[in-house]
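As structure tokens, the structure follows; a few thoughts come after it.
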Amino acid sequence: MSNSFALFVTLTLYALPGLLVGFTLHELAHAAVAVRLGDPTPRRDGRLTLDPLHHIDPIGFALLLGVGFGFAKPVRFNALRLPSRGEQALIAAAGPLTNLALAIGFGVALRLLVNGDPAAISPNGDPFFVDISDTYLFHGGAQFVLALVLYQAVWVNALLFVFNLIPIPPLDGFAVFKGLANPSLPALVSWMERNAGLLQVGGFLVLFVLPQLGSNQAGGLIGRASTWVVERAYGGPPPPIGGILPFLNVLRS
């Protein structure tokens, strides 16, 4: 097994708890807010549950691990019951804000672990240096594994928070933007809705194709924004190992 593939397997398995919690509670938050505002549709669809199987799309989850881009099962709601754009924006914002809260919660847990044992984040005793080539499944003992699982949970939820706030349909950020901007920028909102497909293709090319070709400006911006959230959620410099390593990167290495 190559070092890159071993690292992919390790980081993927360590990221799974944070991803499952993040995806599940993100969608559950959408459902809970919609029901709270008076729409029973998510309840009828069985979305008021902590069961990940009701929220995670197998194809979207596989794509996330394979290429770094994925999706969950969208929560349906009845716009006739919730005609207010403000209510729709609130439903949309609930998902990313839940991921932000999770990133902070996992970050606090990681900080408590590291404060209790400064060497927990690194088996060699240096919390700011880990030899990636030596990182493999269960390496470093139970505390090190727990620290990386917590850090992965912080990182993936920070990423879900940042990514979902991009104002491109059908991401949550567009629904929030639509609710806030439609009274003053109705023409722009209408244009974005009419050209949703074009915006989706353009966003996919900029965020996921161009980085593979060596141009990573937008993808780097998302990464930097996610890292900024991680550093504040965790309260200190992040460990040098973390994030989702797409399988495409393994094939290219």
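The values are calculated or read from the model by the stated rules, or taken from the named source; none is laboratory data. A quick note: this is a predicted structure, and the numbers were derived from the prediction, not measured. In this analysis, Cβ positions are derived from the backbone assuming ideal geometry, glycine residues included, and neighbour counts consider all displayed protein chains. Note: areas computed on protein heavy atoms with side chains; ligands, DNA, RNA excluded. Shrake-Rupley method; radii C 1.70, N 1.55, O 1.52, S 1.80 Å.
Sum up the charges of everything whose Cβ sits under 13 Å from the Cβ of Asp172, counting Lys and Arg as +1 and Asp and Glu as -1, but leave Asp172 out. Intermediate results must be reported in sequence, preceding the final value.
Values: positive: Lys178; negative: Glu27.
Summing Lys and Arg as +1 and Asp and Glu as -1 gives 0.
Which whole-number value in Å² is the accessible area per residue of the stretch 1-118, probe 1.4 Å?
On the way: 5650 Å² over 118 residues.
Dividing the accessible area of the stretch 1-118 by its residue count gives 48 Å².
So for Thr12, Thr227, what's the accessible-area order with a 1.4 Å probe, most first?
Descending accessible area places them as Thr227, Thr12.
So how much slack lies between Phe69 and Asp117, counting 0.36 nm per residue of separation and subtracting their Cα-Cα distance, in nm?
Full extension of this stretch gives 13.8 nm more.
Suppose accessible area is computed on protein heavy atoms with a 1.4 Å probe; arrange Phe204, Phe163 from highest to lowest. All intermediate terms of the calculation are to be shown ahead of the outcome.
Numbers: Phe204 90, Phe163 30 Å².
Ranked from most to least accessible, the order is Phe204, Phe163.
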